[in-house]
Ligand code: TYD
Ligand code: MG
């Protein structure tokens, strides 16, 4: 028997090292190395290398036909759109999300939907009976779906090669193990090896594969970043704060844009596609409140709409209070000073409280204008006009400054059912014909107020 050999892996980027290191030389993260046993019982290939079985020769780019494999329609409009217009044959899609968010439900739904696809649904987490019970709740439309409860990639691929399905779903990558390597399921080297085996299967047979992946407490996909490099598409399934709606985003997509967003509602009988996203914000639309403004912000590269709430009231005693949750207090003071100086609002004797709904912390300066408008709306005690979203920075002299990635922000507001977005006039080159949402561009803070209230 081969001697047990241990290797240390970086949890963040997947780099290995023969000894423990405090700071990863590759990604620079501290304290990310974990020890794993990696004895090879059978001689195998190095993990992580895409193995094209036959010899390849270079081809002229014009001679390669990209249309020979049209995209596969999953019969799920939200998922199709998030993938960039359907599933690409031979693609490997990582589908991540927190436990209990509904990953298995959505994937099973795709498997048993009437989409003329022979699907192999492999589960390493649930028994056949559990899956059947869930399928009965959702309603089986497609009897061409095979269920396999298995965790060994060798046996899964053997079955897959026999059945030759149109779509392979793996629930989840963390439960799989490969015989070619000895470490336990869920460890970094196992995840990497299993993914590379499935990648080879996908590319060699041109079968699309969905991999369900778990998310760690800090919100990143469990398993190293190397997993994200290996797959073609990374989708993230997120819950929103009222826990009925679910958002599906693409974090990485080799075949389409990462701006797309799919929305679902969790019901008693599975996930329902929300094709008209303004339903999600119905509560906001019906009873407009004063002191509330919606900003289109970016979190990393992902656009997100957030609600900003402000309360302005007369200070009863002594020095007025300013308090901000999720927003920089000094920046709030600066914006209040701009309002006072440029617009003549006497906020000096008022308490101002600011809150970013949902408990998130925002650094993006693009929410400045929404902060100003929320404060103003609370001050005059009038709600802002319905369906208006804001995205601009406010400068010290009251000028409305442009923001980055403005198209993404507009698109997100439009996607979520807003009718109007207020932007800086200095954001040049916006093609209004591309959008159905009204775009209002302003130069100075005084101009904003004219279009704020109905
Ligand atoms: P699940 O798909 O098991 O989550 P994951 O695989 O991401 O861990 O989702 C389970 C949750 O969804 C569970 O809490 C119950 C809920 N659910 C419904 O509300 N309606 C349904 O029809 C189904 C199948 C699940
Ligand atoms: Mg599950």
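Pair-distance distribution P(r) for region 280-453, from all Cα-Cα distances in 10 Å bins starting at 0: 10, 42, 36, 10, 1, 0 percent. Note on residue 164 and residue 330: the extension gain reaches 53.6 nm, defined as 0.36 nm multiplied by sequence separation minus the Cα-Cα distance. Measuring how big the chain is from its alpha-carbon positions, Rg and Dmax come out at 25.9, 83 Å.
Among 105, 82, a tally of other beta-carbon atoms within 10 Å of each Cβ gives an order, fewest to most, of 105, 82. The label-point distance for residue 57 and residue 35, in a model that sets each label 7 Å from Cα toward Cβ, rounds to 5.2 nm.
Computed on region 71-275, the Cα convex hull volume stands at 111 Å³ per residue. Computed over region 70-193, the percent of Cα pairs more than 21 Å apart is 40. Here the mean projected area of the convex hull built on the C-alpha positions of region 324-389 is 4.8 nm².
Of all DSSP beta bridges in region 71-275, what percent run antiparallel (nearest 5)? The antiparallel proportion sits near 40 percent. Once the Cβ-Cβ distance of residue 288 and residue 244 is raised to the sixth power relative to R0 = 35 Å, the FRET efficiency obtained is 0.95. As a proxy for reagent exposure, ranking 226, 233 by other Cβ atoms within 10 Å from fewest up yields 226, 233.
Residues 333, 290, arranged from fewest to most other Cβ atoms within 10 angstrom of their Cβ, appear as 333, 290. Please report, to two decimal places, log10 I(q)/I(0) for region 1-40 at q = 0.16, 0.24, 0.30 Å⁻¹ as given by the Debye formula with identical point scatterers on the Cα atoms and no solvent. The Debye formula, applied to the Cα set alone, gives -0.37, -0.68, -0.94.
Where a number appears in this text, it was derived from the coordinates with a stated rule and is not lab data. The model shown is predicted, which means the values in this text are computed figures rather than measured ones. Note that we place each Cβ from the backbone using ideal geometry, even for glycine, and neighbour counts take in every protein chain shown.
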